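Everything below concerns the one structure shown next.
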Amino acid sequence: MSKIKFFSGEHIPLEMHKVRIVQKLNLPTIDERLNAMREAGNNTFLLNNRDVFMDMLTDSGVNAMSDNQLAAMMVADDSYAGSETFTRLHNKLKEIFDMEYFLPTHQGRASENIISQVYVKPGTIVPMNFHFTTSMAHINVNGGTIAELLIDEGTKVNSDHPFKGNMDIDKLKEVIRTNGREKIAFVRMEAGTNLIGGQPFSLQNLKDVKKVCDENDIMLVLDASLLGDNLYFIKKREAQCKSMSIREITKELVAQCDILYFSGRKLGSARGGGICTSSQKLYNEMRELITLYEGFLTYGGMSVREMEALAVGLEETMDEDVINQGPEFISFMTDELVKKGVPVVTPAGGLGCHLNAMEFVDHIPQNQYPAGALAAALYIVSGARGMERGSMSEQRNPDGTEVYASMELVRLAVPRRVFTMSQLKYVIDRIEWLYANRDLIGGLKFVQEPKTLRFFFGRLKPVSDWQNRLVAKFKEDFGDSL
Ligand code: F0G
């Protein structure tokens, strides 16, 4: 990919795979899309996939599998206890992470449930570089709170900092000093920090965090769901890691952590999850909850087929030509949008390209959910569905007031190995048009608002008839085109 130079001088990410299985897509007309958005309560989570042309909601569980992953699924060993499949997966994890123990779970948040139930006590604090929705919800449910200790640069939408996911070490020391180490349940570091735009931390930063944890006898927990992207960025951007292999970087990174957990829907391009540790004590503390919530210790709610695919997917994560595909496509999309003046998060991270709604629709106040409104508008004009990552994804204060997110983003995930270059160019084109017509986009308000994780099933409506005006302008400019 990035190793290939084009005669024309263009920077085009080159796929190091070929497509052998395809799925037909449907691009509904703009009227059908408007209707589908209305029926979905202006919430992209509630759209039916048959109405979606490019599903850019997430990279979770929708990455393209390799031929070797599919082949491995055929030789899975089905048994409740002690299956060969589990042994194969466990051995692969041991080989890659150098951690002896593995607790399988059905997905990432199930791992968060177990870790939080065991280690978060009422009144405790979990310092972290940045929260993820489900990780924070599990900590809160168990009576804990979080302390977000990202470096200041991390929440700047536009920056040239190579590691915006780094933790501020001074802030970490301060939180421990003011609260006392006994109040700290554990420190959590999220690889490929999701909610700030898939931004990585550096290996050096993780080592610095580990040093403070060790000095205070605090456990360090790694959320490795987006580790693949983070590994790519470390290799590419961290000077002292340039000559290390992905495997070596992985080992050194994991060696800093007491517990590692992951969503296999992202890491390993399959479906499932798990918790790894080198400590028998920690393993014993968590394992009973696996059998209570997930399943027996040798499948933990995963199908054996998915476990086989995960084992192969983890091996493929150690291949630079595999893990660079996502970030390179995202970087292409981000750079093209920057050239057209569209506000996006920079530098490009992993996971997806992130539109900066705060600037894109700066006329929409935060209490009318600019990122949610932009996601709805983009679906209507393109059939691409992104995800709101702003105030709608926050939870109200106990007194009912809104918590305003520090960033209002529309995440356009680029699932690994799924889209072609022309599809990416199509969505870039529609975003450019939408940006030129941004004044037509209006806000949203809730008509049904769940108390927890409201962004999943909340329903909203436009504050005016802006969507009709947007559709009319689209028809004027594009005529019969979809
Ligand atoms: N941690 C991170 C960093 C994640 O991105 C996710 C999921 C989880 C934990 C939870 O894992 O979904 O398997 O239970 N992120 C998905 C997303 C939902 O769309 O970004 P899960």
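The values are calculated or read from the model by the stated rules, or taken from the named source; none is laboratory data. Just so we're clear, the structure is a prediction, and the values are computed from it rather than from any experiment. Every residue, glycine as well, gets a Cβ built from its backbone with ideal geometry; the counts of neighbours run over all protein chains shown. Side chains are part of the model used for accessible areas, which takes the heavy atoms of the whole protein and leaves out ligands, DNA and RNA. Shrake-Rupley method; radii C 1.70, N 1.55, O 1.52, S 1.80 Å.
Which residues, taken from the stretch 409-455, are surrounded by 13 or more Cβ atoms within 10 Å (Cβ to Cβ) and within 16 Å of the ligand (Cβ to nearest atom)? 409, 410, 411, 412, 413, 414, 415, 416, 418, 453, 454, 455 - these are the residues of the stretch 409-455 that are surrounded by 13 or more Cβ atoms within 10 Å (Cβ to Cβ) and within 16 Å of the ligand (Cβ to nearest atom).
Yes or no, residue by residue, for (1) within 22 Å of residue 427 (Cβ to Cβ); (2) at pLDDT below 95:
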site: 1; (1), (2): yes, yes
site: 5; (1), (2): no, yes
site: 13; (1), (2): yes, yes
site: 29; (1), (2): yes, no
site: 37; (1), (2): yes, no
site: 42; (1), (2): yes, no
site: 73; (1), (2): no, no
site: 80; (1), (2): no, yes
site: 88; (1), (2): no, no
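Residue by residue through the stretch 153-179, note down the ones that are surrounded by fewer than 16 Cβ atoms within 10 Å (Cβ to Cβ) and touching a His at 6+ places or on another chain (Cβ under 9 Å). Passing the criteria: only 153. Scanning the stretch 123-152 for residues that are of a type in the set (Val, Ile, Thr), more than 16 Å from the ligand (Cβ to nearest atom) and out of contact with any His (no Cβ under 8 Å at 6 or more places or on another chain) yields 124, 125, 145. For residue 223, are the conditions met, namely being touching a Phe, Trp or Tyr at 6+ places or on another chain (Cβ under 7 Å), open to solvent by less than 30 Å² (accessible area, probe 1.4 Å) and either modelled with pLDDT under 95 or not β-branched (Val, Ile, Thr) (or both)? When the stated conditions are applied, residue 223 passes them. Looking across the stretch 276-298, the residues that are touching a residue at least 40 places away in the same chain (Cβ under 8 Å), surrounded by fewer than 16 Cβ atoms within 10 Å (Cβ to Cβ) and more than 22 Å from residue 96 (Cα to Cα) come down to 285, 293. Filtering 445, 451 for residues that are outside any loop (DSSP other than H, G, I, E, B) and not hydrophobic (A, V, I, L, M, F, W, C) leaves a single hit, 445. Screening the candidates 314, 260 for the property of being touching a strand residue (DSSP E or B) at 6+ places or on another chain (Cβ under 8 Å), under 27 Å from residue 235 (Cβ atoms) and modelled with pLDDT of 95 or more yields one hit, 260. Taking the criterion of being within 16 Å of the ligand (Cβ to nearest atom) and touching a Lys or Arg at 6+ places or on another chain (Cβ under 9 Å), the residues of the stretch 271-310 that qualify are 271, 272, 273, 276, 302, 303, 306, 307, 309, 310.
Identify, please: which residue in the stretch 180-200 is farther than 21 Å from residue 405 by Cα, open to solvent by less than 20 Å² (accessible area, probe 1.4 Å) and not small (Gly, Ala, Ser) and is, among those, farthest from the ligand (Cβ to nearest atom)? Among those that are farther than 21 Å from residue 405 by Cα, open to solvent by less than 20 Å² (accessible area, probe 1.4 Å) and not small (Gly, Ala, Ser), it is 184.
With 246, 218 as the choices, which residue is more than 16 Å from the ligand (Cβ to nearest atom), open to solvent by less than 30 Å² (accessible area, probe 1.4 Å) and farther than 30 Å from residue 344 by Cα? Lay out the reasoning, then the answer.
Details: 246 fails: farther than 30 Å from residue 344 by Cα.
218 is the lone residue from the list that is more than 16 Å from the ligand (Cβ to nearest atom), open to solvent by less than 30 Å² (accessible area, probe 1.4 Å) and farther than 30 Å from residue 344 by Cα.
Quick check on the stretch 54-62. Is at least one of its residues crowded, with 20+ Cβ neighbours inside 10 Å and away from the ligand (no atom under 15 Å from the Cβ)? The answer is yes; a qualifying residue exists.
Taken together, the residues in the stretch 357-379 that are touching a residue at least 60 places away in the same chain (Cβ under 8 Å) and crowded, with 24+ Cβ neighbours inside 10 Å amount to 12.
Answer with yes or no whether residue 164 is part of a helix (DSSP H, G or I) and either at pLDDT 95 or above or within 16 Å of the ligand (Cβ to nearest atom) (or both). Reasoning before the result, please.
Working: part of a helix (DSSP H, G or I): no; either at pLDDT 95 or above or within 16 Å of the ligand (Cβ to nearest atom) (or both): yes.
The answer is no for residue 164.
Which helices (runs of 4 or more DSSP H) sit wholly inside the stretch 226-318 and have at least 3 residues that are under 23 Å from residue 165 (Cβ atoms)?
Numbers: elements: 227-237, 246-254, 280-289, 304-317.
Result: 227-237, 246-254, 304-317.
Looking at the structure I just gave you, is residue 348 more than 22 Å from residue 441 (Cβ to Cβ), of a type outside the set (Asp, Glu) and either away from the ligand (no atom under 16 Å from the Cβ) or modelled with pLDDT of 95 or more (or both)? For residue 348, the condition - more than 22 Å from residue 441 (Cβ to Cβ), of a type outside the set (Asp, Glu) and either away from the ligand (no atom under 16 Å from the Cβ) or modelled with pLDDT of 95 or more (or both) - is met.
Here residue 198 meets each of (1) touching a Phe, Trp or Tyr at 6+ places or on another chain (Cβ under 9 Å); (2) farther than 23 Å from residue 94 by Cα; (3) in contact (Cβ under 8 Å) with a residue 60 or more places away in the chain with one exception, condition (1).
Under the condition of being open to solvent by less than 10 Å² (accessible area, probe 1.4 Å) and part of a loop (DSSP other than H, G, I, E, B), the residues counted in the stretch 344-356 number 4. Report yes if residue 295 is closer than 25 Å to residue 220 by Cα and in the same structural domain as residue 72 (by TED's automatic domain parsing), otherwise no. For residue 295, the condition - closer than 25 Å to residue 220 by Cα and in the same structural domain as residue 72 (by TED's automatic domain parsing) - is not met.
Of all residues in the stretch 299-336, those satisfying the criterion of being open to solvent by 20 Å² or more (accessible area, probe 1.4 Å) and either under 17 Å from the mean Cα position of the chain (by Cα) or among the hydroxyl-bearing types (Ser, Thr, Tyr) (or both) are 299, 303, 328, 331.
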